[in-house]
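Structure first, commentary second.
The values are calculated or read from the model by the stated rules, or taken from the named source; none is laboratory data. Because the structure is predicted, anything quoted here is derived from the model rather than measured. Here the Cβ is made from the backbone with ideal geometry for all residues, glycine too, and neighbour counts use every protein chain on show.
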Amino acid sequence: MSHNSEGFVSWFDSSEDEIIANNPKCQGVDSDCTFSLSPNGNKIVITSVENDIIKGDFSGKAIIVGTGAAPYFNTSLYYNITDGRFRIKYRKE
């Protein structure tokens, strides 16, 4: 049985700080920026779910996203991810 759902993948990586610091929109009104997988052409695969931990792989185009007062997507600043991995601990309620 498969389920379709939507989600948002973002992360912090200090090696991208310079790209964000040099983006005028991130330095201005919208001071909160991050990298996120673009809305299209990405692949996220869950490889295991056990002991309240979800593991998986992802690949795609990471773009800069403003998350503050004036959210935006900047598709001109990006890098391609080919072998991303995630591990998420979740809580049952």
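Here are the numbers for this structure:
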{"quantity": "Filter pass, T75 being at pLDDT 75 or above, within 26 Å of E18 (Cβ to Cβ) and over 12 Å from the mean Cα position of the chain (by Cα)", "calculated": "yes"}
{"quantity": "Residue tally, condition at pLDDT 75 or above and surrounded by 12 or more Cβ atoms within 10 Å (Cβ to Cβ), over segment 27-42", "calculated": "8"}
{"quantity": "Failed condition for S15, given (1) at pLDDT 85 or above; (2) loosely packed, with under 10 Cβ neighbours inside 10 Å", "calculated": "(1)"}
{"quantity": "Residue match in segment 54-68 (condition: part of a strand (DSSP E or B), modelled with pLDDT of 75 or more, hydroxyl-bearing (S, T, Y) and surrounded by 13 or more Cβ atoms within 10 Å (Cβ to Cβ))", "calculated": "yes"}
